[in-house]
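The values are calculated or read from the model by the stated rules, or taken from the named source; none is laboratory data. Everything numeric in this text was worked out from a predicted model, so none of it was measured. FYI the Cβ positions are ideal-geometry reconstructions off the backbone, even for glycines, and counts take in every protein chain you see.
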Amino acid sequence: MHGAGLEFRILGPLEVLHGPDHVAVKAAKLRIVLAALLLDANRVVSVETLTDRLWGQDPPDGARNTLQNYVFRLRRLLGGAGTGTPLLTSHRGYLIEVTAGALDLDRFDVLLRRARTAATADEMEQASTLLREALRLWRGEPLLDVPSETLRRDVVPALRERRLDALQLRIEADLALGRHERVLAELQELTTAHPLRERFWAQRMLALYRSERRGEALCCYREARETLVSELGVDPGAELRELHQRMLSADPALVNAGDSKTSGNLPAEVTTFVGRQRQLAEIGRLLAAGRLVTLTGVGGVGKTRLARRTGAELASRFPGGVWLADLTALVEPRLLARTVAHALGARDQSARPSVDVLRDHLRDTRLLLVLDNCEHVVGAVATLVDTLLRACPGLRVLATSRQRLAVQGEHVLLVPPLPLPPATDPQAADTGPPLTDYDAVALLADRTAAAAPAFRIDRHNRALVVQLCRRLDGIPLAIELAAVRLSTLAIGEILDRLDDRFRLLADGTAQVTPRYHQTLHDVISWSYDLCTEPERLLWARLSVFSGGFDLEAAEAVCSGPDVPRRDVIDILAGLVHKSILGVSTRAARTRYRLLETVRQYGRQRLADLGLHDAVRRRHRDHYRRLAAGAAAGWCGPCEVEWLSRLRQELPNLRSALDFCITEPGQAAIGLEIAANLTRVRFWFFSSTIGEGRHWLERTHALSAPAAGALGTGAVAMLSWLSLVQGDKRATETFLADCRASAAEADPAAAYLEGVHALLVRGSVQAIPLLARAREMFRQAGARGDAHMATMFWAMACAFLGDRDTAVAAGDDYLAEAEASGAAWAYSWALWTLGLVELRNGVAARSAELFRESLRRQQDIDDRWGPAWGSEALAWAVSATGDHAFAAELLGAAGRLRRMTGVGLIGLRPFHDAHTEAEALARRALGAEEYESAYERGSRAGDVILFTCAGARNVADGDGDDRPSP
């Protein structure tokens, strides 16, 4: 491409750079022409458009010739940088070629798209980081020194809006991460500068509210209302009005974030952390001296909170970050290593054991791994931790468990209840230290400030406060549950009711731990008894959820004649206000979660009611419907939303699958769930192919041979998963099983035979086999499966067919993808068209199609496709003669394949194309230069792919009308 090496900036004063040097564009008219071309980079800009942007409605005589002279001068100026001219001429106008990532506006747009995708997937830390990077590209008013009234009127306002949209989204992400105090000053400036933009007012109100400046938040609403009425004569919109009402009613869902300061994936703190300074210091000392610390203690004593606070405070010690793997929802010990790898962001999808993946991921990294709630899988955790600590010298592990791991080198720290004040005479107590010097009282005071703001500790109730904290044994969860009751009961009334409930051990020689268990059990029982009957029923039924749930799930699983569906939302609100449920709102959906100790109590109550199996079946059925709905919506306009929702519900999907394999006669339903999740490529998108294979194998083994066509389809899926993992032996075994069990007209078997013929044998027979499978899937109404057959059929035609066959198949696939509205399908249709062009057309056009496919895959956070997009782009770039860049792309693609654990060996057409591109580059560069470029690409990795994906389409519908210098 002409002009490689030039960088252009328009988000501020117009700048052109060649390496570190500025290319001065001094003439005002030349700056206008350049800016007008850059706004439509890689597209032909008509003479009429350029004339309007230069002179508006009053062009001079001979404007076309004058424009031609400006273009000539600009071409000479840009070509003088020694890069060749990027300014081309067409019979319709002019075009400036800009390499991927060389225009700041393009980089901004790519970062903004990726941030929106991350926010949709509730990955707010990533969204915030991407948006900060995007906003740093702005150096002031766009096109600040470009004196075009047309651009100032028609273009600059739209650019300003794009920046404000990015600012708005970045603040949204920061609020979700608990950074409300950090954004307050910025939001005050924004509401002053943009007083009619209601979203900024709403964000400012929320930031004030979460900073416990609730009076100011309400005043902020009044200010916004007065501004809108005086300026526009209208009241605030629905969003501001609803937020105001939620604040007036103290909606607990508004307070859902704390301050996020740590690297890694530690969640934000929701409430104030109280006390524990001695334990924090001791854990820090133990982790400095050793490599494994296990926090033990009774449920509700605060192990999880202490571990997370420790991680936040020690983050600066660990360059690799502090990473949390919450094992609460883990139901299958064999998935432990995969669960931890997923929490760490290790995306290897190969057939390698997950322990090997973890070892490789952690071997050269210094990080702290927090394993939370280990007690129900303590044996598996002990084995994994022992293996990792031996292999990874920079790893430190902080675990929480009700029992020790019994691993060599383990330091065990018993987490005690909070320190209590002495049981002194009330009158003598007045002369002692402040009660809040004792952590138990400090916690009570902090929690009542939010739950019961009218309550104050004073000389009149001091003795009762001491008595209450001592009665609760200083157990944090018990204190927090009691604090909620101070909004409706006097402290003396709470003590009276506790006297009725408690059955503490009277024998002073009894062990300490059983007494604390009993105390917590009785406080939770007391909270349960104070709930209404519908609240108690819902609490028990909600205990079947793992890792959280939304309103739709609660209504589907927990409603019934005694809890009508229409009442569920109000009962949930009651449980939130009683601190039984936690609540958070992200990505426009509200989710609820039971604290683990509270959930276990509810699970016992559910068993006592004789409802455990029935509610588990309803839970299983709900997530069965969810997986089926996702499969039905696959290859449609909502597929990205479905994938995001499935990722969020993975703990519940695992729980449903576990129920199916542990309950007799349920395995076939589990097989259906696992198969539907495979149909939507969920395991690929979530980097959990090994887990998908695990569930398919287990459910199929338990349900065969009665599974029939479903079983055949599952075996076909298993063969496919094994194939992409590079597990040749398993692929052949599953293929043989599929052939033995499949009916003659089974589309899944035909599909598998076609894919095997394409990817393993490289046989032209793949084309009719896949065409047949495609038609059979269509006749069966399996739209998503038909799409996959279409994709591989079109690929087979491109790899193995003649030119006419390949072009027709590519066009057919593109038309089908466009009609579906499916973003993922469209990205692969572009990829396939790129392959058609590469093998039968123009290599440069092929590269542009691969780039556009790659961009779209990054936009939807596809974690599988870019490995193949970057590989194919390397083939195309190699064919254009840019061998150094091709070697860099091969390096980047190799790095992605290593991350996903997939090798090209065994995928014959891909391997052959790779070998050809590599050989071309090696011959042109020489072995040493090739290896150097490959290593550069491998190190740069995502940076190269990001800049490649930033390129725009060049042709823009011009057909054969190719611009020329």
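Here are the numbers for the structure shown:
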{"quantity": "Test: residue in the range 87-99 that is buried (at least 19 other Cβ atoms within 10 Å of the Cβ), touching a residue at least 60 places away in the same chain (Cβ under 8 Å) and in a helix (DSSP H, G or I)", "calculated": "no"}
{"quantity": "Qualifying residue in the range 152-159 (condition: under 17 Å from Asp109 (Cβ atoms), surrounded by fewer than 19 Cβ atoms within 10 Å (Cβ to Cβ), among the acidic types (Asp, Glu) and not assigned by TED's automatic domain parsing to the domain that holds Arg213)", "calculated": "no"}
{"quantity": "Some residue of the range 273-296 being modelled with pLDDT under 80 and either under 28 Å from the mean Cα position of the chain (by Cα) or not assigned by TED's automatic domain parsing to the domain that holds Leu581 (or both)", "calculated": "no"}
{"quantity": "From Glu753, Glu775, residue being farther than 21 Å from His700 by Cα and either assigned to a helix (DSSP H, G or I) or touching a residue at least 12 places away in the same chain (Cβ under 8 Å) (or both)", "calculated": "Glu775"}
{"quantity": "Residues that are within 30 Å of Pro476 (Cα to Cα), assigned to a helix (DSSP H, G or I) and among the charged types (D, E, K, R), drawn from the range 305-355", "calculated": "Arg305, Arg308, Arg309, Glu313, Arg317"}
{"quantity": "Only listed residue being of a type outside the set (A, V, I, L, M) and either over 15 Å from Leu327 (Cα atoms) or touching a Gly at 6+ places or on another chain (Cβ under 7 Å) (or both), chosen from Cys374, Cys392", "calculated": "Cys392"}
{"quantity": "Some residue of the range 712-726 being within 14 Å of Arg624 (Cβ to Cβ) and assigned by TED's automatic domain parsing to the domain that holds Ser644", "calculated": "no"}
{"quantity": "Residue that is farthest from Pro651 (Cα to Cα), among those in the range 339-354 that are over 23 Å from the mean Cα position of the chain (by Cα) and surrounded by fewer than 18 Cβ atoms within 10 Å (Cβ to Cβ)", "calculated": "Arg352"}
{"quantity": "Some residue of the range 375-387 being among the aliphatic types (A, V, I, L, M) and surrounded by fewer than 16 Cβ atoms within 10 Å (Cβ to Cβ)", "calculated": "no"}
{"quantity": "Inter-residue pairs, beta-carbon under 7 Å, first surrounded by fewer than 14 Cβ atoms within 10 Å (Cβ to Cβ) and in the range 180-198, second at pLDDT below 90 and not aliphatic (A, V, I, L, M), 6+ apart", "calculated": "Leu196/Glu231"}
{"quantity": "Complete set of residues in the range 273-305 that are of a type in the set (A, V, I, L, M, F, W, C) and more than 26 Å from Pro393 (Cβ to Cβ)", "calculated": "Phe273, Val274, Val298, Val301"}
{"quantity": "Pick from the range 647-675, criterion under 26 Å from Ile860 (Cβ atoms) and surrounded by fewer than 21 Cβ atoms within 10 Å (Cβ to Cβ), ranking: farthest from the chain's Cα centre (by Cα)", "calculated": "Pro651"}
{"quantity": "Set Asp348, Asp360, Asp364: member being of a type in the set (D, E, K, R) and modelled with pLDDT of 85 or more", "calculated": "Asp360"}
{"quantity": "Test: Leu849 is over 18 Å from Leu800 (Cβ atoms), within 27 Å of the chain's Cα centre (by Cα) and not assigned by TED's automatic domain parsing to the domain that holds Asp106", "calculated": "yes"}
{"quantity": "Which listed residue is at pLDDT below 90 and not polar (S, T, N, Q), from Ala743, Ala794", "calculated": "Ala743"}
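Condition check ((1) part of a helix (DSSP H, G or I); (2) hydroxyl-bearing (Ser, Thr, Tyr); (3) surrounded by 17 or more Cβ atoms within 10 Å (Cβ to Cβ); (4) modelled with pLDDT of 90 or more) across all residues:
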{"position": "Arg599", "(1), (2), (3), (4)": "yes, no, yes, no"}
{"position": "Gln604", "(1), (2), (3), (4)": "yes, no, no, yes"}
{"position": "Ala607", "(1), (2), (3), (4)": "yes, no, no, yes"}
{"position": "Arg617", "(1), (2), (3), (4)": "yes, no, yes, yes"}
{"position": "Tyr623", "(1), (2), (3), (4)": "yes, yes, yes, yes"}
{"position": "Ala630", "(1), (2), (3), (4)": "yes, no, yes, yes"}
{"position": "Cys635", "(1), (2), (3), (4)": "no, no, yes, no"}
{"position": "Val640", "(1), (2), (3), (4)": "yes, no, yes, no"}
{"position": "Arg645", "(1), (2), (3), (4)": "yes, no, yes, no"}
